[in-house]
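The values are calculated or read from the model by the stated rules, or taken from the named source; none is laboratory data. None of these values were measured; they are calculated from a predicted model. No Cβ is skipped: glycine too gets one built from the backbone with ideal geometry, and neighbour counts run over all protein chains shown.
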Amino acid sequence: MADFYGSTKLKFVTVNTAEAREVAMNFMVTSIPAFFIFKDGKCIEQFVGADKVKLEGLVKQLKLDIGDSEDSVTGDSKTPTPTLKLKYDLGFIQFKPWSTHEILFENISNMSKIANKIKEIVDTVKEEELTELKSLMEDFKMADLNQKVLAQLFIIAQKCEEKDVFAVFDFLRCCFITK
């Protein structure tokens, strides 16, 4: 499509997400292929999946919108397809590197949703004495956390179903956040 529709007004850019992970993260690419259509520096359309008809329709519409009746600039087999080397000065914030500093949270506003999930998980773990944890989950308050509750959370993390491990560790992480 780049060879057929590309012109001085319409450019195609391919990003190898394995090599440019920050770009993939900034664009929140969760599946490939992912397509982002930009006009005047703003993303006007995006979609995931190898839908040639949809992509071609969007490209044709974009060419009409920008008044691009120009023939392909890369269609000549003697002209090599230009290669774009990723640099952090392309003008799009999405191409700028993310900070390498950790993201830290200093407080938690509402823990009720995750507390309810932990209640469900606690009920699935049998043959363990989890009275303090069960008591805390009935009337959840961060201020009531203590060493016994944390120890019981670690037991839950080891005994719960695999699908619930993330919720338990997320809850544990939240337990160590201080106001």
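Structural remarks
- Applying the set (1) at pLDDT 80 or above; (2) of a type in the set (A, V, I, L, M, F, W, C); (3) over 30 Å from Gly6 (Cα atoms) to Leu64 leaves exactly one unmet item: (3).
- Checked against (1) modelled with pLDDT under 60; (2) not assigned by TED's automatic domain parsing to the domain that holds Phe35, Lys85 passes all but condition (2).
- Across segment 1-57, the qualifying residues are those that are over 19 Å from Asp68 (Cβ atoms) and aromatic (Phe, Trp, Tyr), and the one among them that is modelled with the highest pLDDT is Phe47.
- Filtered residues of segment 17-31 (kept if of a type in the set (A, V, I, L, M, F, W, C) and either outside the structural domain of Asp65 (by TED's automatic domain parsing) or more than 13 Å from the chain's Cα centre (by Cα) (or both)): Ala18, Ala20
- Number of the condition not met by Gln158 [criteria: (1) in a helix (DSSP H, G or I); (2) modelled with pLDDT under 80]: (2)
- Taking residues in segment 40-60 that are assigned by TED's automatic domain parsing to the domain that holds Lys11, and partners anywhere that are of a type in the set (Gly, Ala, Ser), the pairs with Cβ atoms closer than 8 Å and at least 6 places apart or on different chains are Gly41/Gly91; Gln46/Ala34; Phe47/Ala34; Val48/Ser31; Val48/Ala34; Gly49/Ser31.
- Restricting segment 1-37 to residues that are in contact with an Asp or Glu (Cβ under 8 Å, 6 or more places away or on another chain) and not aromatic (Phe, Trp, Tyr), the residue that is surrounded by the fewest Cβ atoms within 10 Å (Cβ to Cβ): Thr8
- Qualifying position, being in a helix (DSSP H, G or I) and either touching a Gly at 6+ places or on another chain (Cβ under 8 Å) or at pLDDT 55 or above (or both), among Lys126, Lys134: Lys134
- Boolean, Thr17 is without any contact (Cβ under 8 Å) to a residue 60 or more places away in the chain, assigned to a loop (DSSP other than H, G, I, E, B) and touching a helix residue (DSSP H, G or I) at 6+ places or on another chain (Cβ under 6 Å): yes
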